[in-house]
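Please read the structure below before turning to the comments.
The values are calculated or read from the model by the stated rules, or taken from the named source; none is laboratory data. Note that this is a predicted model, so its numbers are computed, not measured. Glycine gets a Cβ as well: all are built from the backbone with ideal geometry, and neighbour counts include every protein chain shown. These area figures cover heavy atoms from the full protein model, side chains too; ligands, DNA and RNA do not enter into them. Shrake-Rupley method; radii C 1.70, N 1.55, O 1.52, S 1.80 Å.
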Amino acid sequence: MHLKISRAHLFHQIQRCQNIVEKRNTNPILVNILFETVSNGLKLTATDLQATYSSTQEAEILEPGKLTVDAKKIFEIVRELNPEQMIELKTKPNFLEIFSGGVKFEIAAKSADEFPSEPTDETDLSISLPGSELIRMIGSTSFAMSNDETRKYLTGSLFEVSPEHGIRIVTTDGHRMALSEFNIANLQQSASCILPKKAVMELKRLAEEAEENIQLSLGQHQVRIELNQQRFTSKVIDAKYPVYQDVIPQSNPHTALVDKNLLDQALRRSMVVSNDFTHDVKLIFTDNNLSIAAHNTEQEQAEEDMVIAYEGTTIEVGFNAKYMRDVLAAVSSQNVRIVLKDSLSPALLLEEGHELSKHVLMPMRI
Amino acid sequence: MDAFFASVEQRDFPEYLGKPLIVGGKPDSRGVVAACSYEARKFGIHSAMPCSQAYRLCPEAIFVKPRFEAYKEVSQKIREIFWRYASRVEPLSLDEAYLDVTYTADYDGSATLIAEAIRREIKEETGLTASAGVSYNKFLAKIASDMNKPDGLYVIKPEAGEVFVAALPVGKFFGVGPATKKKMHAAGFYTGADIKAKSLEELQQVFGKSASYYYQIARGIDEREVRSSRARKSLGKETTFTTNILDITKLIEHLQSLAKKVYERLGQENLYAKTITIKVKYANFQQVTRSMTLSHAITSFSEIQCHIPALLKFTEAGKMPVRLVGFSASGFVSEAENNTSATDPQLALKL
């Protein structure tokens, strides 16, 4: 293999690969990145066997070939090279030579034969959607993914595609649930799968650099994300997702309209003296007033009132302030709608004006 | 179990096989026969007979002392097998028990097939034969279990119950010993039909307090429930393959299907388990178990499903051929305990 490539292109590719490479992987070949020449440039691939990322960038191919090198090492070298200079890569037996201006590196290379081949396409349904929508949806759901490995199916995000709802992302950790959707016209089929956290985060990263639409393909065992010359493939969490629809309150009778930023600031203040683990705060909704109170085991306490739009019975309800702030951070409207029933039933939090995102919070006993 | 103590002795000491064997006291002692092999029964020997009498009937019989430890071990094993299928188990003795399989889904709920499966598993796992009686109440099931001994099964279907009892000699009734039998014969009762012919008042004159019991069973009616002596501690299923399996995917499939059955049973019996255990017996009969305990009780099958491959990874499955796999759930907590909200102020969504 012998080629020339711009430092920016190469660095971008290696950086992406770094996200996939599992540092603690026991299989030595998996700490490497696969370099291979293709007709239009240089293709890099990294995998942890669950997820695989590959990207092709334009390069001047002088001699085709392929090999693998340690991901961390090549990343550290390329990061330090002059951004203005072209980089030349050249193989010699068991080594890769890297030239940039007057700099020359020689690092160990392994045969590409041992490197796992890229997974074949096993997806059934493909949709195309703007990166900005994906960022919004992931941003308003990803925080509610569970960390409880004993309930593996909750550690990911449910991606559901259907003609009725377009694409819908759902997450829950058993205490709260987040749902966000985006309508896609002319969908014929339905599909759903649970994406592992790593795949969700990779999807978000790709969405952030997408100027055009992202291609998202779902299958029973696999999800594929494609953008330009980049492709990310991941296994899905092979499990059944709980029936989340049932926990979304349908007929909570009392709605409060609350300024998002003021509420967030009040919660942040209250948390200073709330329990360090449970972050419980007490909210009391009365006519056009919301009282927020917190205290901890040392009897320290905080209290404040804020003006809200609310008419109805007085409701006293406890919430984990952290959970509530997670929701507020995802709300883009000025006000948030808090739809309540009583102190023990789930509360529904909605943006002002639309229901593209729904957040359900289970109260705390107070 | 058939000739229980004697069969265990014959299993553990093959030299006793095919010979009249008496477990109990010494032939010259005042002890009695605790159990005797079928070969000894041909000489008219039966349990509870004085050993001296048994010796006179068959001087060449082998007399051995009981080894209760060995019987207890088998007893425990068969009770474990009972619990695989029955939601209630009421032991009558070390080797006999009433089983309630009303809520058992295996074999489409067929009690006959379940009884056959239990007999088969007893044979495979203890090397001993058992006889079973299947019917719709305890009285008939108990009588049925004696009908086809040894190594047999007898079924009394609901529609046949009354006819069956009518033809039954009173001596075969459970609870009727030699004394009661004599008394019954004296009163003109020889079969169930004789009892059925009388009114409850007439029976009361002969049997007193027990009259209603006889009145009912003569009509094939017995409403007594199977009373479990203890709460279930674990619930499991296992399967022995016809040929050993090396393929780990197949083993996972087998375990998943066993786990599915166990999970369904947990639901039927309203049990919440925190611990799941897999058992793997290799072709060389070496056996390992691997278990894990979750922080909360299992409430969905997928929770079990995702742990099976992980548990299997800690065995040699896939490297060594496997002849048997088993799955069990244990560490039961009450519904209230499972509702962690009792201690956790954060309420949970009803997912």
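The string of couplings for region B:126-136 from the Karplus curve (6.51, -1.76, 1.60, θ = phi - 60°) is 10, x, 10, 9, 9, 10, 10, x, 10, 7, 9 Hz, one whole number per residue in order, with x for Gly and Pro. Taking the dipole about the Cα centre of chain A, with the C-beta of Lys and Arg at +1 and of Asp and Glu at -1, give me whichever of A:Ser180, A:Leu218, A:Phe11 is farthest to the positive side. Positive-most Cα among the choices belongs to A:Phe11. What whole number of Å gives the distance from the Cα centroid of region A:48-97 to the Cα centroid of region B:225-300? If you average the Cα positions of each part, the centres end up 50 Å apart.
In region A:90-162, inverting the average of 1/r over every pair of distinct C-alpha atoms gives 17.7 Å as the Kirkwood radius. Using the Cα coordinates of region B:72-167, the gyration tensor eigenvalues translate into equivalent-ellipsoid semi-axes of 21, 15, 12 Å, sorted from longest to shortest. Within region B:4-66, all pairs of alpha-carbon atoms sorted by distance into 5 Å bins from zero give the percentages 4, 24, 37, 23, 11, 1. Check each of the GluC sites (Glu not before Pro) in region A:241-331 and keep only those in coil by DSSP with at most 13 other C-beta atoms within 10 angstrom; list them in order. Here the sparse-neighbourhood loop sites are A:Glu298, A:Glu300, A:Glu311. Peptides A:340-350, A:181-191 ranked from most to least packed by the mean count of surrounding Cβ atoms within 10 Å: A:340-350, A:181-191.
Rounded to 0.05, the FRET efficiency of the A:Glu149 and B:Ile221 pair, given R0 = 56 Å and the Cβ-Cβ distance, is 0.55. Extending 7 Å from Cα along the Cβ direction at B:Tyr190 and again at B:Asp2 yields two label points whose distance is 3.1 nm. For A:Gly156, nonlocal amide neighbours, meaning residues 5 or more places apart or on other chains whose placed amide H falls under 5 Å from its own, are A:Ser146. The modelled label-to-label distance for the pair A:Thr313/A:Ser132, using points 7 Å beyond Cα in the direction of Cβ, is 4.4 nm.
Tell me the accessible surface of A:Ser234 in square angstrom (1.4 angstrom probe, heavy atoms of protein chains only), to the nearest ten. A:Ser234 exposes around 10 Å² with every protein chain in place. Taking trypsin sites (Lys or Arg not before Pro) across region A:1-77, the ones in a DSSP loop with at most 14 further Cβ atoms lying within 10 angstrom of their Cβ are A:Lys23, A:Arg24. Of the trypsin sites (Lys or Arg not before Pro) found in region A:225-324, the ones in coil according to DSSP and having at most 15 other Cβ atoms within 10 Å of their Cβ are A:Lys240. Size descriptors for chain B: radius of gyration and Dmax over Cα atoms are 24.4, 77 Å. If the segment from B:Ser257 to B:Ala105 were pulled out straight at 0.36 nm per residue, it would be longer than the present Cα-Cα gap by 53.4 nm. With the convex hull drawn around the C-alpha atoms of region A:125-246, the volume per residue stands at 95 Å³. From the alpha carbon centroid of region A:3-34 to that of region A:288-366 is 44 Å. Here is how the number arises for chain B: DSSP H runs of 4 or more residues each give -39500 (n - 2.57), the sum is divided by the residue count, and the result at 222 nm is -10500 deg cm²/dmol.
Estimated from the Cβ-Cβ distance and a Förster radius of 51 angstrom, the FRET efficiency linking B:Val333 and A:Arg269 is about 0.80.
Over 29 Å between Cα atoms, which of B:Lys123/B:Lys279; B:Lys123/B:Lys157; B:Lys65/B:Lys233; A:Lys204/B:Lys319 qualify? Exceeds cut-off: B:Lys65/B:Lys233; A:Lys204/B:Lys319. Sequence-distant contacts, meaning Cα pairs under 8 Å at least 6 residues apart, place the relative contact order of chain A at 13 percent. Given a 1.4 angstrom probe, I'd like the percentage of the accessible area of the protein assembly as shown that is carbon and sulfur, rounded to a whole number. Within the protein assembly as shown, the accessible surface is 49 percent carbon and sulfur. For the protein assembly as shown, a simple Cβ point-charge model (Lys and Arg +1, Asp and Glu -1, everything else neutral) yields a dipole of about 3500 debye relative to the Cα centre. Taking chain A as a Gaussian network of alpha-carbon nodes connected by springs under 10 Å, the highest mean-square fluctuation of the residues A:His221, A:His354, A:His279 belongs to A:His354.
Paramagnetic label reach from B:Val163 (point 7 Å along Cα→Cβ; backbone nitrogen cut-off under 19 Å): within region B:119-144, residues B:134-137, B:140-141, B:143-144. Distance between the modelled labels on A:Asn213 and A:Lys240, one decimal in nanometres: 3.4 nm (7 Å Cα→Cβ projection). Taken across both chains, chains A and B shield about 1700 Å² of accessible surface from a 1.4 Å probe. Judged by the gyration tensor of its Cα atoms, with axes a ≥ b ≥ c, region A:248-361 is prolate; a/c meets the 1.5 cut and a/b is the larger of a/b and b/c. The three principal axes of the C-alpha atoms in chain A carry coordinate ranges of 78, 50, 37 Å, sorted with the longest axis first. Among the residues of B:296-308, the average count of other protein chain beta-carbon atoms within 10 Å of the residue beta-carbon is 4.
Taking only the C-alpha atoms of the protein assembly as shown, the Rg (one decimal) and the largest Cα-Cα distance, Dmax (whole number), read 36.6, 121 Å.
Using Cβ point charges alone (K and R +1, D and E -1), the dipole size of region B:1-92 about the Cα centre works out to roughly 180 debye. Centre-to-centre, using Cα atoms only, region B:58-77 and region A:187-218 are separated by 69 Å.
Averaging the sequence gap over all C-alpha pairs within less than 8 Å and six or more residues apart, then dividing by the number of residues, gives chain B a relative contact order of 12 percent.
Residues whose amide H lies under 5 Å from that of B:Leu347, counting only those 5 or more places away or on a different chain, are A:Met364, A:Arg365; hydrogens are built 1.01 Å from N in the peptide plane.
For region A:123-274, relative contact order (Cα pairs under 8 Å, six or more residues apart, normalised by length) works out to 25 percent.
Placing a label point 7 Å from the Cα of B:Asn244 along the Cα-to-Cβ line, the residues of region B:271-304 whose backbone N sits under 16 Å from it are B:280-288. Simple rule: put +1 on each Lys or Arg Cβ and -1 on each Asp or Glu Cβ in chain B, find the dipole, and look at B:Phe82, B:Asn137, B:Pro169; the Cα lying farthest toward the positive end is B:Pro169. Only Lys, Arg, Asp and Glu carry charge here, each on its Cβ (+1 for the first two, -1 for the last two); on that basis region B:73-125 has a dipole of about 20 debye about its Cα centre.
The residue among B:Ala61, B:Gly18, B:Pro50 whose Cα reaches farthest toward the positive pole of the charge dipole of region B:4-66, with charges on the beta-carbon of Lys, Arg, Asp and Glu, is B:Pro50. Residues in the protein assembly as shown average 48 Å² of solvent-accessible surface per residue, probe 1.4 Å, ligands and nucleic acids excluded. Taking amide H as placed 1.01 Å from N in the peptide plane, the amide H of B:Gly127 sits under 5 Å from none that are at least 5 places away or on another chain.
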